[in-house]
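Scroll down for the structure; my scribbles are underneath it.
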Amino acid sequence: MFGTALLVGILVGVIAMEALASFQFQFARPLVLGPIVGLVLGDAALGLKIGAELELIWMGIVGIGAAVPPDVVVGTGIATALAILTHSNTEVALALAVPVALGAQLIDIFVRTLNAGLIHRADRLADAGDYRGIELTHLSGLGLFFLRGFIPTFLAIWLGADWVKALVTNLPEWLTQGLATSGSLMAALGFAMLIQMIGAKKLMPYLFLGFALVVFLKVSLIAVAVIGAVFAFLHIQFAYKSTEEE
Amino acid sequence: MAAAVTQMPPKPDTAVTRKELMSTFWRQFFLQSSWNFERMQALGYCFIMMPVLRKVYQGKPEMMKAAVKRHLEFFNTQPYMAAPILGFSVAQEEQLANSDLAAEVDPSSINAVKVGLMGPLAGVGDSLFWLTFRPIAFSIGIAMAMGGNFLGPVIALVLFNVAHIATRWYGVMEGYKQGLHLLQTLRGGALKKLTEGAGVLAMSVTGAMIASMISTKLTAAATIGKTVVKFQDVLDSILPGAVPLAVVFLVYWGLRKRISPSWLLLILLIVGVLGRAIHFWA
């Protein structure tokens, strides 16, 4: 288990560096990270499934401004890895992911607090004219972001896998079925958060538009996106027409 | 015979070339490597500006130092939207370094622009990328992945990153070229319209996702005389998808009442398990 823990730990650490501190190509999202972890551990299909479910729940988890969201990277990494290693299923992964993400969020906040030391150092280097030093100080921040992904993941897998396996094999059926229902419901949170963040109450009708298109006309998601874009253009034209004509 | 011409030392080339613009483009991917609560993206901004500053302030160590310190001041915006601001800063620093009359370009205007733009651009960026592009790209990916299709994540990444990279590229290049003109466009109503349009799109797709991705159905039924009335059938004849919609609005109401998302998730977990156990829903 040590080797596996090390491997997955490094993987999650690298992705954790990509999540915020560099690139941000969204490899840190569950839909991508899930299958990658699955691929590494030999069950890509389960990883894909878990990734899709977690992505749904966490669709509304966004880091805006100074707000630090629950840690989707470590949550996905640990939950997927443990679910695969204990030969269990999506429901277990979902149940694990949420508390893990919350715990890891605290580590994230800790790292971002520590980083203030870097900018203070940069101030001193600027006075001394050491510009190369400033560049290196900045890049050294990546190290802490790597560790915040690596350490919890490594520890959870190395120490936790056997414990989780024992727990999982003793789960009663009503609980596992119930978790499946919960999984579906939890996506509601993601959507509710999106709605709240988009913010404008006057845009609510469009929510019902998309909803009605799928429910009554059975239109695909891409079709709704295209129709939504058309409405967006029309909306801007009509909504701003009166102000322009003044 | 002409007097020997005194050779003047060549003036160092302090123009911003494609080389500096490219390094700005590449370095911006590391904007947040040292993100901290105190000055957020500031050190990253300074890091990105370094190659440009080194070039334009050659032979002017005092101006270089001032410039470096200038860019260590608080800065935070949506990471991709830093691009146009960076492009503009590059143009401004080049102007400042090369103007013969230092009074022509006021150094404090460089940070004034950064401070003035970072808020509005963050709003647009958050709206466009985190609330519109990413949910759309990833919901398409989720739909494919639910069916076991590994192309799901791939499509999601491709769709999203086209918009992402285009913004980072054109942001820097156009921010540099257009400078003031871009600033005026951004300050105008264009940003507001863009945000609202993105909101329309995001709402439509979210509504669609509510209908298609929450599969909870009521399993409760009542027996009236000899007939068994299944509640879900009744709902389906009026409004299919009523249950997902109702749950979303209940959670939304909870968020508005300032219940934290973590609590809501826990409540959903418990309600889901219990509801299943008493055969209310599945």
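What follows draws every value from the coordinates through simple rules; no lab data is involved. Keep in mind the model is a prediction, meaning the values are calculated, not measured. Cβ placement follows ideal geometry from the backbone for every residue including glycine, while neighbour counts extend to all protein chains displayed.
What shape does the range B:145-214 have by the C-alpha gyration tensor, where a ≥ b ≥ c are the square roots of the eigenvalues, rounded means a/c under 1.5, and otherwise prolate means a/b greater than b/c and oblate the rest? Working shown, then result.
On the way: a/c = 8.12, a/b = 1.72, b/c = 4.72.
Note, shape of the range B:145-214 comes out oblate.
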Under 20 Å from a label point 7 Å along Cα→Cβ of A:F208: give me every residue in the range A:175-197 with its amide N that close. A:191-197
Mean separation of Cα contacts under 8 Å (at least 6 apart) over the residue count of chain B, i.e. the relative contact order in percent, is 15
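Rounded if a/c is under 1.5, else prolate if a/b is larger than b/c, else oblate: which is the range B:180-247, with a ≥ b ≥ c the root eigenvalues of its Cα gyration tensor? Working shown, then result.
Details: a/c = 7.38, a/b = 5.57, b/c = 1.33.
Prolate is the answer for the range B:180-247, as a/c is 1.5 or above and a/b outweighs b/c.
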Two decimals is fine: what is log10 I(q)/I(0) at q = 0.09, 0.11, 0.13 Å⁻¹ for the protein assembly as shown, from a Debye sum with one equal scatterer on every Cα and no solvent? -0.70, -0.99, -1.27
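Could you give me D for chain B, from Stokes-Einstein at 10 °C and 1.306 mPa s, where the hydrodynamic radius is the Kirkwood radius over C-alpha pairs? Units µm² s⁻¹, please.
Value of D from the Cα-based Kirkwood radius: 69 µm²/s.
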Report, in degrees rounded to the nearest 10, the 0 to 90 angle that the Cα long axis of helix B:151-178 makes with the longest principal axis of chain B. 30
Stokes-Einstein D for the range A:114-246 (37 °C, 0.692 mPa s, Kirkwood Rh from Cα pairs), in µm²/s, comes to 152
Mind sorting B:S237, B:S99, B:S215, B:S127 by how few other Cβ atoms lie within 10 Å of their own Cβ, fewest first? B:S237, B:S99, B:S215, B:S127
Relative contact order of the range B:199-282: what whole-number percent is it, with Cα pairs under 8 angstrom and at least 6 residues apart? 34
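Return B:F160, B:F47, A:F2, B:F280 ranked ascending by Cβ neighbour count within 10 Å, so the fewest neighbours appear first.
Working: B:F160 22, B:F47 27, A:F2 9, B:F280 14.
Least to most surrounded, the residues fall as A:F2, B:F280, B:F160, B:F47.
Taking square-rooted eigenvalues a ≥ b ≥ c of the alpha carbon gyration tensor, is the range A:2-122 rounded, prolate or oblate, where a/c under 1.5 means rounded and, failing that, a/b exceeding b/c means prolate?
Values: a/c = 2.05, a/b = 1.68, b/c = 1.22.
Prolate is the answer for the range A:2-122, as a/c is 1.5 or above and a/b outweighs b/c.
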Computed label-point distance, nm, for sites B:E73 and A:Q177 using a 7 Å Cα→Cβ extension: 6.5
Using alpha carbon centroids, what distance separates the range A:198-215 and the range A:131-191, in Å? 33
Between the residues B:F150, B:T227, B:M63, the Cα farthest towards the positive end of the dipole of chain B, that dipole coming from +1 and -1 charges on the beta-carbon of Lys, Arg, Asp and Glu, is from B:T227
Gain upon complete extension [A:K165, A:I222; 0.36 nm per residue less C-alpha separation]: 16.5 nm
Rounded to the nearest 10, the angle in degrees between the Cα long axis of helix B:42-56 and the longest principal axis of the Cα atoms of chain B comes to 30
Can you give the three extents of the C-alpha atoms in the range B:26-170 along their principal axes, from longest to shortest, in whole Å? 65, 25, 25
Ranked A:R132, B:R134, A:R148, B:R258, criterion: other C-beta atoms within 10 Å, fewest first: B:R258, A:R132, B:R134, A:R148
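Multiplying the sequence separation of A:H120 and A:S140 by 0.36 nm and subtracting their Cα-Cα distance, what value in nm do you get?
Numbers: separation 20, 0.36 × 20 = 7.20 nm, distance 1.35 nm.
5.8 nm is the gain from fully extending A:H120 to A:S140.
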Of A:I109, A:T137, A:A126, whose Cα points farthest to the positive end of the dipole of the range A:99-149 (charges on the beta-carbon: +1 Lys, Arg; -1 Asp, Glu; origin at the Cα centre)? A:I109
